[in-house]
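Here the structure is laid out as structure tokens; the discussion comes afterwards.
The values are calculated or read from the model by the stated rules, or taken from the named source; none is laboratory data. What you see is a predicted model, and the numbers here were worked out from it, not measured in a lab. Backbone-built Cβ (ideal geometry, glycine too); neighbour counts: all protein chains shown. Surface areas here come from the heavy atoms of the whole protein model, side chains and all, with no ligands, DNA or RNA. Shrake-Rupley method; radii C 1.70, N 1.55, O 1.52, S 1.80 Å.
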Amino acid sequence: MIDIRNPGDGFKSLRARIGALGPLRDGDRGAEGAPLTVGEWALLIDDIVAHPEDNTEGLWNVATPEEDGSEYDAIFVGGGASGRFGSAFLKARGGRQLTIDAWPFLGGSCPHQACVPHHLFSEAARELDLARHMQGRLWYPPFDEKRASIAEIVALFKAGRMYPHAIMNWQSKEQLDMEFILNAPATIIDEHTVEVEGQRFQARNLVLCTGARTMYPDVPGIATKGVYDFATLIEDLDYEPNRCVIIGGSKVALEYGSFFQATGCRTTILTRSPLMRTASLHHVDAGLREYVVAMMADRGIEIVEGAELLEVLGNGKVTGVRYTEPGGAVRQIDTDFVFVGTGERPDLRMYAPLGLATDERGFVIADRHMRTSVPGVYAAGDLIGPPMEMFKARKCGVGAARNIMGEDYEFDFTDYPDFLHTTYEVTWCGLSEAEARARYRNVIKIQMPPDDADPETFALPAAEGSMLYAFTRPVLSGWLKLVIDADSRKILGAHHVGYGAKDAFQYIDYLIRRPEGFTMDQMAELNELFLNPEHFIQLCRLRAGQSSPVNL
Ligand code: KPC
């Protein structure tokens with residue numbers, strides 16, 4: 001082990017051990033000593049991320065083609081969720097993979113700039129929301145609006161992100177037996193050849209998994225300092241924002257906007273499309289949307305739907321934005337912080353030698369086998385378009401691996417459970433009530449609070465994670481709905497705003513999408529762990545005795 005506070009030449013010795021044999025290895029790649037521990041990986045990654053200029057050499061745990069020129073079954077270009085899961089699966093099936101990433105860690109943007117910080121921020125938003133709401137009651141002190149610093153929470157994340165990175169590298173090498181080259185960009189030569197640090201590797205197939213990045217609106221001033229996206233927020237924020245304007249109505253816009261507002265940074269969302277009615281979100285129930293947006297407004301977020309950004313104003317730093325509102329009037333907001341959440345697009349320049357077919361938005365076209373227009377070349381994850389979700393990224397990578405290893409495997413991600421965070425966790429799957437009514441003649445719903453209840457006095461759902469709200473201001477305690485075909489008794493959709501139901505939705509989605517479906521009677525037979533986050537089981541049981549069930 002090297003001394004964390006005083007590594008000396010430890011980084012050199014760590015690098016020398018990257019290819020060292022772990023317990024699964026049976027060949028000698030000429031590396032010295034024991035494999036790196038998670039702690040050692042963390043040190044090395046942190047040093048490289050902090051000082052990229054001093055760390056231009058790749059991290060190899062593979063032989064060079066000169067030492068071992070045998071062909072790979074697949075080279076995964078990009079070691080994020082798609083590349084890592086695809087690689088692990090292919091390796092487990094007995095194939096030979098090489099995974100290449102320009103970052104010094106596997107796992108991609110998720111643990112570096114995306115899902116992991118997002119969840120940290122959403123958890124902070126939830127805590128802050130409760131602390132502000134409960135201030136002066138029970139054990140809650142007066143809420144100090146100056147104490148929640150966006151910059152400090154970002155710094156907290158940055159100070160710890162090397163640990164999940166390290167686990168990805170350690171797990172991939174020591175437990176999954178993957179071969180990789182990290183901290184080195186790949187150059188595509190042709191559909192079977194990739195060059196890294198002057199070495200050319202040959203493969204039967206390529207799997208392209210390099211993700212996407214925020215697409216900025218093309219308006220004057222958009223490059224001014226003080227304009228951020230979810231990635232640059234992490235890398236470049238060097239002051240405490242006082243006022244925030246969000247551009248866009250994507251999930252990212254709702255989620256980060258809710259976080260910024262919860263910290264006390266007054267936030268306005270300027271969005272063309274109504275929130276949660278953007279094309280990238282499907283099956284959003286009108287009642288769920290209404291509750292989510294109302295609760296964001298209740299927290300003080302200003303939402304301008306139908307807004308068109310005209311320009312970002314600045315004098316070397318952002319000072320404001322100009323936009324048109326729906327009637328055409330031009331408005332200005334003075335702000336020191338602009339956050340772009342207008343969706344993502346891939347950067348395909350490195351793939352120019354392949355001549356890949358792309359769609360009208362610029363995403364790589366891949367079929368259900370993950371095959372691109374170029375034989376032998378597969379694509380996965382955000383590179384092929386929405387949904388920009390983890391399940392899709394990982395299963396695309398695995399799907400490519402399965403096909404490469406000889407299976408005929410199709411992955412259809414047209415239907416899936418979805419979620420987002422505001423200061424709540426919002427989850428949904430299956431059909432919205434309106435979609436269900438369009439397809440079935442006898443639709444009922446189980447909803448809490450019911451439509452005709454006064455939500456300010458109707459203290460249900462009182463649920464896991466929202467009890468303090470339920471007993472202080474009931475309307476804040478959440479919202480839920482089950483949509484049911486009363487004829488077949490099958491559950492068609494589930495919708496929830498609260499805390500802790502995400503896990504259940506992974507399974508509910510699977511159950512209701514089975515060909516045989518999942519009835520309200522089967523739901524009623526489950527054993528609730530009361531007070532459960534979503535109340536669906538007991539509410540179904542209250543109606544299951546009815547031969548012709550009606551709304552609850
Ligand atoms: C929190 C965590 O799992 C780390 S980020 C996941 C990256 S990967 O496992 O490659 O999908």
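Ligands, DNA and RNA are left out, and with a 1.4 angstrom probe the accessible area of the range 448-552 is 46 Å² per residue.
The tail of the calculated P(r) for the range 47-203, taken as Cα-Cα distances beyond 18 Å, holds 65 percent of the pairs. Measuring r between the beta carbons of Q538 and A438 and using R0 = 45 Å, the FRET efficiency lands at 0.95.
Ellipsoid semi-axes for the chain, based on the Cα gyration tensor and the rule √(5λ), read 42, 30, 24 Å when sorted largest first. With a 1.4 Å probe and every protein chain left in place, tell me how much accessible area W170 has, in Å² to the nearest 10. Looks like 80 Å² after rounding.
If the chain linking D54 and E325 were pulled fully straight, counting 0.36 nm for each residue of separation and taking away their Cα-Cα distance, it would gain 92.7 nm.
Return, ordered by residue number, the residues of the range 359-380 whose backbone nitrogen is under 15 Å from a label point located 7 Å along Cα→Cβ of E71. Zone members listed by number: 375-377. Database note for the chain: Cys without another Cys beta carbon under 4.7 angstrom, C209, C244, C265, C396, C429, C540. Between the range 160-230 and the range 369-405, how many Å separate their Cα centres? Computed from Cα coordinates, the inter-centre distance equals 15 Å. Take every DSSP beta bridge whose two residues both sit in the chain; close to 60 percent of them are antiparallel. The share of Cα pairs per 5 Å bin across the range 156-291, counted from zero up to the longest distance, runs 2, 7, 11, 14, 14, 12, 13, 12, 9, 5, 1, 0 percent. Within the accessible area of the chain, the carbon and sulfur atoms contribute 52%, probe 1.4 Å, all protein chains present. Computed with every protein chain present, the accessible area of V374 is close to 20 Å² [probe 1.4 Å]. What is the angle, in °, between the Cα long axis of helix 390-404 and the longest principal axis of the Cα atoms in the chain? Nearest 10 is fine, range 0 to 90. It is inclined by approximately 40 degrees. With respect to the chain, whose longest principal axis is taken over its alpha-carbon atoms, helix 115-134 is tilted by about 30°. Using the Cβ-Cβ distance between A16 and D347 with R0 set to 30 Å, the FRET efficiency from 1/(1 + (r/R0)^6) comes to roughly 0.35. Per residue, the range 247-355 exposes 39 Å² of accessible surface when a 1.4 Å probe is rolled over the protein heavy atoms with every protein chain present. Ranking P461, V38, S548 by Cα position along the charge dipole of the chain, where only Lys, Arg, Asp and Glu carry charges on their C-beta atoms, puts S548 farthest toward the positive end. Annotation: extensible slack from R277 through W139 equals 45.7 nm (criterion: 0.36 nm per residue apart, minus Cα-Cα distance). The phi torsions of the range 172-186, fed into the Karplus equation with coefficients 6.51, -1.76 and 1.60 and a -60° offset, translate into couplings of 5, 7, 7, 9, 9, 6, 7, 9, 8, 10, 10, 6, 8, x, 8 Hz, rounded to whole numbers, with Gly and Pro shown as x.
Our summary gives the range 424-552 a relative contact order of 29 percent, counting only alpha carbon pairs under 8 angstrom and 6 or more residues apart.
Would any residue of the range 427-456 have its amide N under 20 Å from a label point 7 Å out along Cα→Cβ of E528? List them or say none. From the range 427-456, the list is 427-429, 444-455.
Here the dipole of the chain is about 920 debye; that uses its Cα centre as origin and unit charges on the Cβ of Lys and Arg (positive) and Asp and Glu (negative).
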